[in-house]
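The values are calculated or read from the model by the stated rules, or taken from the named source; none is laboratory data. Predicted model only: the values in this text are computed from it and were never measured. Counting neighbours? That spans all protein chains shown, and the Cβs are built from the backbone with ideal geometry, glycine included. Only protein heavy atoms, including side chains, enter the accessible area calculation; ligands, DNA and RNA are left aside. Shrake-Rupley method; radii C 1.70, N 1.55, O 1.52, S 1.80 Å.
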Amino acid sequence: MKPYQARTWFALTAACVLVGVGMQVVLDWQNYMPVLADTGEAVEKFGGSPAGRALNLFAFFTVQSNLIVGCTSLLLAITPNRSSTVFAVFRLIGLVAITITGLVYHITLRGLVDLHGWELVADHLQHTVVPLAAVVGWLVFGPRGLTSARVVRLTILFPLAYLAFTLIRGPLASNWYPYPFTDVPTLGYLRVCLNTCAILLFFIALAAGATWLDKRLPGRQPVSQSVAARNT
């Protein structure tokens, strides 16, 4: 693949993130309230003030994974051949997190609310377009040779930090939790811990699978001794 093709793909991926998350911030600021698909009741946005509702959006795993993908894609659009350990960790975090975002949404969360207009566009961008663009971009353009056992171990810090943040923040935010499977008042801590452990194991499996696949995909470039040593 020619470098300009990779740059274009990564730039478009970053643009989709910017548009999708930006639209969602505006909609939450305006207190756009979708309705539940089964009852037709309006879903009130948590956060109180317009700024509070907009800032609360960043507590969602979906938004955080989109932002990580957007930032790493933008960096690749600027310089496609990056090899630092920090970048490798965030590249793999973004890839795995956005894959989980797309899968969990389409398997368990899609259809819970009835979306229309710009809300539907923002939803598709964050849960469908960006996950597909991120995965396809990684498969086709790489860059290869960044993942390793050490990188996988470091990526685990992200879901652990997110789960800790969600469980600690919930009681401090009027028992508000971003997802049904983390709703402690409804499910209890035991069920929520089991749910989160399952997602954590899924995260580790996807990260390890991506590392295994990365070594077998075409286009893998030799890694310098210093980079290889840093990633072991």
Sites Ser49 and Thr128, calculated FRET efficiency, Cβ-Cβ separation with R0 25 Å, nearest 0.05: 0.25
Length gained when the stretch Asn81-Ala164 is fully extended (0.36 nm per residue, less Cα-Cα span): 26.5 nm
Solvent accessible area, Å² - His127, 1.4 Å probe, full protein context: 30 Å²
Pairs of alpha carbons in the range 123-199 whose separation is greater than 15 Å (percent): 69 percent
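At 0.36 nm per residue, and after removing the present C-alpha to C-alpha distance, how many nm does the segment from Ile156 to Leu187 gain when stretched out fully?
Working it through step by step, the gained length comes to 8.7 nm.
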Accessible area per residue, Å², the range 111-194 with all protein chains present, probe 1.4 Å: 50 Å²
Carbon plus sulfur fraction of accessible area for the range 65-112, probe 1.4 Å, in percent: 72 percent
The range 156-212: relative contact order as a whole-number percent, Cα under 8 Å and 6+ apart: 33 percent
Förster-model FRET efficiency, 30 Å R0, Arg216 and Leu103, C-beta, rounded to 0.05: 0.85
